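Asker: Before we start, here is the structure in question, set down as structure tokens.
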Amino acid sequence: MQSHKINIVIVDDHPIVIEGLKIMLSDKPFFHISKIFTNGGEVIQFIKSNEVDIILLDISLPDISGIQLCEEIKKISPNTSVIMFSNRSERSIIMQCIQNGASGYLLKNVSLEELMKCFHGALSGNIVFCNETKNIISKPSPQELATTPRLTKREKQILQFLAKGKTSNEIADELFLSPLTVDTHRKNLLQKFGAKNSAELVHIAVQQNMILE
């Protein structure tokens, strides 16, 4: 049905995954694996001078996060469909990939039937997921469902400092407050976010996009 072969690039540093994909696609004449990379830097150079229809991209690479690489690829080649291919099943990671321009997210236990369906969907301009990924994204985490707490200006300031790993004494020096006052604000923040400690507090705040970059 296709008038030309679909050029696929695989970016993954696990040999068994690469070999498995080769076998899965070996009897699909319209899909051609044009190149395989084990790191992100080489991919960027390749797509600058080669037309690629689909990039099957792992998240965990030796030199760069696949999430970041996806964004870079889309800047250089916006028409290329980047499909994330990973064992990571956290909803927040899946959504971050889509926000960075990914055309889909597949788990590595995907069947050949699902893989083909997702390839065709992505080439048609759709955002694609395997069945297991669909189940994951349909169930928001408790943090995502929670109402964003209302913070005072001072609490917002202290939250940003906590995210940078600052101690109460260091925050007190920065804001010209007493350490006791900072501790009081910190306890209020823990209560508002329902967190047990500062690390959990920062994690929840990041999930709710309340930490500034």
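Asker: Taking amide hydrogens as modeled 1.01 Å from N in the peptide plane, which residues meet the under 5 Å criterion relative to MET84, leaving out close sequence neighbours?
Answerer: Answer set, sorted by chain and number: LEU57, SER103, GLY104, TYR105, LEU106.
Asker: Over the stretch 6-140, calculate the relative contact order: mean separation of alpha carbon pairs under 8 Å at least 6 apart, over the residue count, as a percent. List each step's numbers first, then the result.
Answerer: On the way: 219 pairs, mean separation 27.1, N = 135.
Relative contact order, the stretch 6-140: 20 percent.
Asker: Here's a follow-up. So for the chain: antiparallel DSSP bridges make up what percent, rounded to the nearest 5?
Answerer: 5
Asker: With +1 on each Lys and Arg Cβ and -1 on each Asp and Glu Cβ, and nothing else charged, work out how big the dipole of the chain is about its Cα centre, in Debye to the nearest 20.
Answerer: Working: 23 positive and 23 negative charges, 149 e Å.
That gives the chain a dipole magnitude of about 720 debye.
Asker: What do you reckon, how do LEU180, LEU56, LEU151 stack up by accessible area (1.4 Å probe), largest on top? Numbers along the way, then the final one.
Answerer: Values: LEU180 130, LEU56 5, LEU151 30 Å².
Solvent-accessible surface, decreasing: LEU180, LEU151, LEU56.
Asker: Under 1.5 on a/c is rounded, so check that first for the stretch 6-140, then, if it is not, pick prolate when a/b is larger than b/c and oblate when it is not; a ≥ b ≥ c are the square roots of the alpha carbon gyration tensor eigenvalues. Numbers along the way, then the final one.
Answerer: Details: a/c = 1.35, a/b = 1.12, b/c = 1.20.
Rounded.
Asker: So, for the chain, what is the accessible surface per residue at a probe of 1.4 Å, expressed in square angstrom?
Answerer: Values: 11940 Å² over 213 residues.
Heavy-atom accessible area per residue stands at 56 Å².
Asker: For ILE33, enumerate residues with amide H under 5 Å from its amide H, sequence gap 5+ or separate chain, H modeled in the peptide plane.
Answerer: Those qualifying (amide H under 5 Å, at least 5 residues apart or on another chain) are ILE8.
Asker: Leaving out ligands, DNA and RNA, and with a 1.4 Å probe, what % of the accessible surface on the chain is carbon or sulfur?
Answerer: Working: 6100 of 11940 Å².
Taking all protein chains in place, the chain shows 51 percent carbon and sulfur surface.
Asker: Can you work out the FRET efficiency for the pair LYS117 and ILE44, with r the C-beta to C-beta distance and R0 = 25 Å, to the nearest 0.05?
Answerer: Values: r = 29 Å, r/R0 = 1.14.
With R0 = 25 Å, the Cβ-Cβ based efficiency is 0.30.
Asker: If you don't mind, another one. Give a quick list of GluC sites (Glu not before Pro) in the stretch 90-135 that DSSP marks as loop, anything other than H, G, I, E or B, with at most 16 other Cβ atoms within 10 Å. Walk me through the numbers on the way to the answer.
Answerer: Values: sites: GLU90, GLU113, GLU114, GLU132; in loops: GLU90.
Filter output for the stretch 90-135: GLU90.
Asker: Do any of LYS28/LYS74; LYS134/LYS156; LYS164/LYS187; LYS48/LYS134 go past 28 Å between their Cα atoms, and which?
Answerer: On the way: LYS28/LYS74 26 Å; LYS134/LYS156 34 Å; LYS164/LYS187 17 Å; LYS48/LYS134 32 Å.
Correct reply: LYS134/LYS156; LYS48/LYS134.
Asker: I've got another one for you. Rounding to the nearest 20 debye, state how big the charge dipole of the stretch 146-208 is about its Cα centre with +1 on each Lys and Arg Cβ and -1 on each Asp and Glu Cβ.
Answerer: Details: 10 positive and 6 negative charges, 51 e Å.
Here the size comes out at about 240 debye.
The values are calculated or read from the model by the stated rules, or taken from the named source; none is laboratory data. Being a predicted model, the structure only gives us computed values, none of them experimental. For neighbour counting, all protein chains shown are included, and Cβ atoms are generated from backbone atoms with ideal geometry for every residue, glycine included. Remember, those area values only see protein heavy atoms, side chains included, never the ligands or the DNA or RNA. Shrake-Rupley method; radii C 1.70, N 1.55, O 1.52, S 1.80 Å.
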